[in-house]
1. Rank-order 19-27, 148-156, 31-39 by packing density, defined as the average count of other C-beta atoms within 10 Å over each peptide's residues, highest first.
2. Can you give me the relative contact order of the chain as a percent, contacts being Cα pairs under 8 Å and 6 or more apart?
3. Is segment 67-123 rounded, prolate or oblate when judged by the Cα gyration tensor, a ≥ b ≥ c being the square roots of its eigenvalues, rounded requiring a/c under 1.5 and prolate requiring a/b larger than b/c?
4. If you line up the long axis of helix 149-161 against the longest principal axis of the chain, both from Cα atoms, how many degrees apart are they, to the nearest 10?
5. Within segment 76-116, list the GluC sites (Glu not before Pro) lying in a DSSP loop whose Cβ has at most 10 other Cβ atoms in a 10 Å radius.
6. Before rounding to the nearest 500, sum -39500 (n - 2.57) across all DSSP H runs of length at least 4 in the chain and divide by the residue total; then give [θ] at 222 nm in deg cm²/dmol.
7. Under 16 Å Cα to Cα from K160, which aspartates and glutamates show up? Leave out anything in the same chain fewer than 8 places away.
8. Run through all the Cα pairs of segment 1-49 and give the fraction in each 10 Å bin from 0, expressed as whole percent.
Amino acid sequence: MPLVKNKDLTLFEKTYLPQIAKGLTITLKNFIRPKFTRQYPEEVWESPPSFRGRPVLVLEDNNEERCVACGLCSRVCPALAIEVQADETDREKERYPEKFEINMVRCIFCGFCEEVCPEEAIVMSNEYELVFNSQEEALFGKDKLLIPRKKLEPRLQFLKANR
């Protein structure tokens, strides 16, 4: 077994003055750097298309949801925040989610649901303000999750460009 030979420190290095000086230099650089403060809520932050806000479902222009209730999003969710119950229909799309709920208290905004969805039915929106007074308010059903495609277009374009 090879022995690891430690470098012998000089007397100056044993005082740890070089490390202390380096740390103080970084602190002073950040101390004199100009400050940036956003006056929230008057000044709203415009998020880039790559931002992962709360997950939402895409509502097509003909008021039909894209989701086919395959359940992949609920299987891949590490926080177990998504619940999907499928039902059948007579239309071209054979299945749709009868119940689609996301527990926003449990959601960790990882984006796995968006990555695994074969229909691009669930995407991460640019909404980041979430306020709840109770656990029941944090259960988002289809009524709060369905967002028109036009509002989600920047994110959908970003996803297409990066696949």
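Quick note: the coordinates plus some simple rules give every number you see, no bench work behind them. Model, not experiment: these values are computed from the prediction. Note that we place each Cβ from the backbone using ideal geometry, even for glycine, and neighbour counts take in every protein chain shown.
1. Working: 19-27: 10.0, 148-156: 14.9, 31-39: 6.4.
Most protected by this proxy first, the peptides run 148-156, 19-27, 31-39.
2. Values: 198 pairs, mean separation 42.4, N = 163.
So the answer I get is 26 percent.
3. Numbers: a/c = 2.83, a/b = 1.78, b/c = 1.59.
Prolate shape, in that a/c is at least 1.5 and a/b is the bigger ratio.
4. Once rounded, one gets 50 degrees.
5. Working: sites: E83, E88, E92, E94, E98, E101, E114, E115; in loops: E92, E94.
Sites meeting the loop and neighbour criteria: E92.
6. Numbers: 6 runs with 47 residues, N = 163.
About -7500 deg cm²/dmol.
7. E114, E115, E119, E120
8. The distribution over segment 1-49 is 17, 20, 21, 17, 13, 11, 1, given as percents.
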